[in-house]
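The block underneath contains the structure these notes are about, expressed in structure tokens.
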Amino acid sequence: MKNRNLLRPSKHKHSSKIDTNPSRREPQIANTISKKLRLSEDILASAPIVMGYGKHRFCVENYRNIIEYTDEMIRIQTKIGKIHLLGKNLVIAYYRDDGMCVMGDISSIEYH
């Protein structure tokens, strides 16, 4: 009689999948690394960095993509949520892989 283990697929030592789901420990790890390397946690975690310059200019670093773009609303997807810019005559002054800047008469900034 043949061994029954031959009917089961064998596991190779390199066949285990890597867990790609974010861990609850991720903020703790970013905090520890940032203290050791003296870097901001935001940089390590790829959190969005937002900068407002008065009512007429708003810049975002570490964004994922632009969801919607009209002259009255710009919706931006980030790693941790969405940012909605509301106003009039809104234009995207520039956008790159790592950052973008919006200009116009900005009336409100909402985080979703």
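The values are calculated or read from the model by the stated rules, or taken from the named source; none is laboratory data. Remember, it's a predicted structure, so these values are computed and weren't measured experimentally. Cβ coordinates were reconstructed from backbone atoms using ideal geometry, including for glycine residues, and neighbour counts include every protein chain displayed.
General observations
- Pairs linking a residue in region 45-69 that is over 11 Å from Lys79 (Cβ atoms) to a residue that is among the aromatic types (Phe, Trp, Tyr), with Cβ atoms under 8 Å and 6 or more positions apart or on different chains, are Val50/Phe58; Met51/Phe58; Gly52/Phe58; Cys59/Tyr53; Ile66/Tyr95.
- All of (1) of a type outside the set (Gly, Ala, Ser); (2) in a strand (DSSP E or B); (3) at pLDDT below 95 hold for Pro27 with one exception: (2).
- Filter pass, Asp105 being outside any strand (DSSP E or B), without any contact (Cβ under 8 Å) to a residue 60 or more places away in the chain, loosely packed, with under 15 Cβ neighbours inside 10 Å and not aliphatic (A, V, I, L, M): no
- Test for Asp71: is it farther than 15 Å from Ala47 by Cβ, at pLDDT 95 or above and part of a loop (DSSP other than H, G, I, E, B): yes
- For region 59-86, residues that are out of contact with any helix residue (DSSP H, G or I) (no Cβ under 9 Å at 6 or more places or on another chain), surrounded by 17 or more Cβ atoms within 10 Å (Cβ to Cβ) and on the phi > 0 side of the Ramachandran plot total 0.
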